[in-house]
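Below: one structure, written as structure tokens.
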Amino acid sequence: MDNAVLDQSLPQADPQLAEVHKRYSRARLDALSMNSASAPALRRWLAARLGPVLPRRPEAAEALGTSERTLARRLGEQGKTFEGLLDELRRERALQAVADTSAPLSEIAESLAFAELSTFYRAFRRWTGMPPIRWRKQQDHRPDQRTN
């Protein structure tokens, strides 16, 4: 068949449906290229979506092209859990934000989807053994490691 025939548009084609198919195909290809259902793939997906609203497990499973059960099983085989990876990312972002910015702690807590400031304080204490204000002050008084 001649390529010119394949390049002709169909008069009955639905451009909106074509766009839906294109977006769906792109999302599926992205999921496949992420090495579906691996801890690093989930971590990348979570990192891209972590914000004032927590990413949810069903959304992650769908984005990675698997079921929730399969995702949990594959993560378990790698010694990880959805909640554990999410907690690691929130911890990393919280430590960076508390150390590197003068942003109010309430703003940092909200940006990491903590419903209450007290919940953020408890999580921070669990991660570091101290409240965020004390940890921030310690970081301010640390010598710059890059000059050694």
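Annotations for the structure displayed:
- Identity of the residue in region 50-64, surrounded by fewer than 17 Cβ atoms within 10 Å (Cβ to Cβ) and not β-branched (V, I, T), that ends up nearest to E92 (Cα to Cα): G51
- Counting only residues that are within 28 Å of E59 (Cβ to Cβ) and charged (D, E, K, R), region 86-144 holds 11 of them.
- Answer residue from region 1-21, given it is surrounded by 10 or more Cβ atoms within 10 Å (Cβ to Cβ) and of a type in the set (D, E, K, R) and is farthest from the chain's Cα centre (by Cα) among those: D14
- Pairs where the first residue, in region 36-53, is over 21 Å from A109 (Cα atoms) and modelled with pLDDT under 90 and the second is surrounded by fewer than 15 Cβ atoms within 10 Å (Cβ to Cβ) and polar (S, T, N, Q), C-beta under 8 Å, 6+ apart: A37/T70; S38/Q78
The values are calculated or read from the model by the stated rules, or taken from the named source; none is laboratory data. Bear in mind the structure is a predicted one, so any value in this text is a computation, not a measurement. FYI the Cβ positions are ideal-geometry reconstructions off the backbone, even for glycines, and counts take in every protein chain you see.
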